[in-house]
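Each remark here refers to the structure printed beneath this line.
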Amino acid sequence: MSKQINVALIGNPNTGKTSVFNALTGLNQKVGNYPGITVEKKEGICKLPRGVKAHIIDLPGTYSLNASSLDENVVIELLLNKTDKDYPDVAVVVSDVENLKRNLLLFTQIKDLQIPTILVINMSDRMEYKGISLDIPYLEQQLKTKIALISTRKNKGINKLKELIASHKELSVEACLDASIIDTTYFNNLRKAFPHQLLYKLWLVITQDVNFGKTDRKTYDAVEDFKTKSKTDLKRLQQKETIKRYQFINETLKKGQTIDLKSAKDLRIKLDRILTHKVWGYLIFGVILLTIFQAIYDWSSIPMDFIDNSFASLSEWTKDTLPEGAFTNLLAEGIISGLGGVVIFIPQIAFLFLFISILEESGYMSRVVFLMDRIMRRFGLSGKSVVPLISGTACAIPAIMATRNIESWKERLITILVTPFTTCAARLPVYLIIIALVIPEGRVFGLSYQALTLMLLYLIGFGAAVGSAWILNKVLKIKSKSFFVVEMPNYKLPLLKNVALTVLEKTKAFVFGAGKIILAISIVLWFLASYGPGDSFNNAERIVTEQYASDNLTEEELNQKIESHKLEHSFIGIAGHAIEPVIRPLGYDWKIGIAIVSSFAAREVFVGTLATIYSVGSDEEETIKNRMAGEVNPVLGGPLFNFASGISLLLFYAFAMQCMSTLAIVKRETNSWKWPMYQLLIMSGFAYIVALIAYQVLK
Amino acid sequence: MNTLIQNILVFSALAFALVFLVRKFIWSPKKKPAKPCGGDDGCGCH
């Protein structure tokens with residue numbers, strides 16, 4: 001029987017920790033959350049030599065065990081809790097060969113917790129390029145560990161790492177530093193008060209503001225022989241600890257590492273000079289954005305048409321093959337049509353994440369953050385706000401969680417409040433279908449009008465976020481100070497495997513996360529559209545036949561009239577007509593109204609809802625786009641989705657707060673219902689006014 | 001018979017969908033929090 005061990009992957013951000021995780025686990029990985037908090041937890045399984053199986057956890061990136069954010073707390077809580085099911089049998093600290101000195105600070109801290117620890121030195125392929133050479137046996141001796149010199153890019157050293165993990169029992173658990181050198185008297189008192197405890201663990205429990213359950217600093221105050229020091233004293237001792245550690249690291253690296261600057265060839269400075277230039281930097285970024293949006297349109301049209309036609313055929317096939325009845329109709333008109341509304345957007349979402357992932361992997365995204373900081377400052381935001389705003393293009397929920405590393409409460413609150421304006425992946429399906437319906441297919445300078453409209457919508461979202469941040473900065477009376485530090489990783493060619501895994505993971509999250517909600521809502525909507533109260537619905541056939549008795553309609557025309565009458569008098573028809581007076585000034589009919597109301601749960605439900613409503617009672621094999629294009633405005637008579645109503649809808653979706661999960665996260669992050677309620681009312685009210693003006697001006 | 005089975009399936013699907021949506025957006029049973037490190041639990045950190 002094979003045995004399973006727990007392996008924790010720990011390291012500074014930008015050391016290639018995720019690449020190591022991908023190299024070890026391949027596709028055997030899953031993403032979840034740590035219990036009780038929404039910090040992302042990645043775990044996977046790796047088969048090691050001699051039948052050993054490793055359960056690998058990719059812990060959040062941290063610079064040290066002195067936690068300053070929730071992500072970092074996760075690392076400390078796990079390393080100090082032996083009863084945790086994920087407590088590591090071996091810790092693998094991933095470092096980057098170019099930043100070894102800084103990375104070793106975290107390594108020495110983990111080593112001092114007496115957990116068997118392996119040091120991985122990643123990016124070894126850059127050593128020659130940077131003129132770096134390492135004396136591995138010397139470093140292993142000084143750091144009392146085993147070292148795996150690897151390159152995830154060239155796939156080198158991974159087998160050695162697996163071998164070292166499998167032989168984790170042979171690793172030394174001897175500490176690098178004797179903790180008592182921080183303050184001999186204080187630590188002697190500690191040792192006397194808690195003779196059976198590891199000194200460095202005690203020190204972390206005392207100094208870190210982390211949830212250790214019943215074990216907090218008050219426990220120590222209660223012990224008679226021992227009194228904790230003041231916060232200022234503890235801070236001073238923490239600084240002293242860091243100095244002592246760096247003295248040890250400097251001493252070790254003096255002999256263990258040599259850097260020959262003469263043989264180093266570096267393009268980085270030259271590239272940085274151009275990519276972060278105050279004119280060229282923005283121009284290049286603009287061109288990159290244009291290319292991305294154009295490619296999203298050009299590359300995905302063929303697979304999208306294929307998916308759309310396939311779902312239309314599947315729906316028709318279901319109706320023709322299964323026995324006639326309510327459930328067959330539910331499958332064909334509700335479930336298949338609703339799901340078609342999700343699956344159709346997979347190509348475009350995959351392409352968007354492909355580009356975002358390439359920009360991140362190459363190191364360019366950090367330059368964008370640096371570049372945007374100049375603009376952000378003018379609007380009362382921190383440079384750190386750029387990360388949530390950019391992550392918001394995927395989903396507002398992780399983006400809002402990413403604000404936790406903003407120290408200033410005012411800047412963090414403003415970022416939380418404005419992030420939902422950023423165009424998230426859920427808005428994309430709505431934008432794409434409306435743009436396809438109302439924006440012509442022509443081109444200007446090789447760029448299609450449709451791609452330009454999409455890019456404009458992204459810029460409008462970003463502009464709304466920055467503009468409202470400026471207003472909030474003036475309105476909110478909260479005093480705070482802030483600073484901005486961003487690490488610029490080296491430029492590198494994106495690793496195909498990492499890019500592919502990111503695209504797969506994000507697309508899966510969209511399809512399965514949104515898919516379940518859309519499926520459930522499609523079923524409910526189909527039911528509401530297929531059943532209704534009273535005579536008007538139940539006797540629809542008789543009423544319509546009598547009404548059109550003298551009109552000599554064909555059977556097909558009569559059936560259409562009956563289905564249309566039934567839909568209008570169904571539960572959903574009644575609800576839709578009730579809200580119609582509110583949405584009619586925006587150019588929408590009651591069916592769009594139902595789609596808007598249902599998409600307050602999640603925006604992506606919009607297309608699925610319309611697909612379900614329009615397919616109820618339809619016998620034709622038609623694509624979602626054709627069904628929507630064929631809808632007629634009941635008042636004006638022309639196409640329902642025309643330029644005016646289309647732009648109005650696009651603007652409504654750009655500004656409205658339509659995501660219950662985001663509201664729940666904002667409540668959790670601000671610890672109050674006040675802020676999410678403000679967001680819901682102000683954003684949606686603003687969306688209504690802008691959509692109203694747009695329709696009234698353009699109609 | 002066929003109509004009855006089809007109707008039962010429709011109402012079952014509706015019930016599943018409604019329960020899923022209520023649990024997702026309105027009410028979901030609270031999960032037990034992870035056991036904290038404290039007391040005599042062998043965490044080695046106290």
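Since every read-out is calculated from the coordinates, none of them should be taken as a lab result. Note that the coordinates shown come from a computational prediction; the quantities given were computed from them, not determined experimentally. Neighbour counts run over all protein chains shown; Cβ positions are idealised from the backbone, glycine included.
Overview of values
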quantity: Contact order normalised by residue count of chain A, Cα under 8 Å, 6+ apart, percent; calculated: 11 percent
quantity: Label-point gap, in nm, between residue A:445 and residue A:473 - each point 7 angstrom along Cα→Cβ; calculated: 2.9 nm
quantity: The range A:515-698: relative contact order in percent, alpha carbon pairs under 8 Å with at least 6 residues between; calculated: 21 percent
quantity: Nearest 10 degrees, 0 to 90: helix A:184-193 Cα axis against chain A principal axis; calculated: 70 degrees
quantity: Cα→Cβ-extended label distance, 7 Å offset, between residue A:14 and residue A:169, nm; calculated: 4.1 nm
quantity: Ellipticity estimate at 222 nm from DSSP helix runs (n ≥ 4, -39,500 (n - 2.57)) divided over chain A, nearest 500; calculated: -18500 deg cm²/dmol
quantity: Under-5 Å amide H pairs with residue A:156, H placed in peptide plane, nonlocal only; calculated: A:151
quantity: Semi-axis lengths (Å, descending) of the ellipsoid that matches the C-alpha gyration tensor of the range A:34-164; calculated: 25, 18, 15
quantity: Extension gain, residue A:678 back to residue A:282 (0.36 nm per residue minus Cα-Cα distance, nm); calculated: 139.2 nm
quantity: Calculated FRET efficiency for the pair residue A:191/residue A:234, C-beta based, R₀ 25 Å, to 0.05; calculated: 0.90
quantity: Rounded to whole Hz, the Karplus (6.51, -1.76, 1.60) HN-Hα couplings of the range A:47-56, x for glycine and proline; calculated: 8, 10, x, 6, x, 7, 10, 10, 8, 9
quantity: Length added when fully stretched, residue A:125-residue A:272, from 0.36 nm per residue minus Cα-Cα; calculated: 50.8 nm
quantity: Dipole-positive endmost among A:475, A:370, A:573 within the protein assembly as shown (Cβ charges, Cα centre); calculated: A:370
quantity: FRET efficiency for residue A:114 and residue A:259, using Cβ-Cβ distance with R0 set to 35 Å, rounded to 0.05; calculated: 0.65
quantity: Between helix A:409-418 and chain A: long-axis angle, C-alpha atoms, 0 to 90°, nearest 10; calculated: 30 degrees
quantity: Residue A:512/residue A:492 FRET efficiency (R0 30 Å; Cβ-Cβ; nearest 0.05); calculated: 0.45
quantity: Label-point gap, in nm, between residue A:309 and residue A:698 - each point 7 angstrom along Cα→Cβ; calculated: 3.0 nm
quantity: Pairs beyond 22 Å (Cα-Cα), from A:82/A:160; A:111/A:162; A:160/A:255; A:17/A:101; calculated: A:82/A:160; A:160/A:255
quantity: Ratio of Rg to Rh over chain A (Cα coordinates, Kirkwood Rh, two decimals); calculated: 1.04
quantity: Chain A: angle of helix A:427-438 to the longest principal axis, Cα-based, in degrees nearest 10; calculated: 40 degrees
quantity: Added length on full extension, which subtracts the Cα-Cα distance from 0.36 nm per residue, residue A:250 to residue A:321; calculated: 18.1 nm
quantity: Cβ crowding within 10 Å averaged over residues, with A:522-535, A:459-472 ranked highest first; calculated: A:522-535, A:459-472
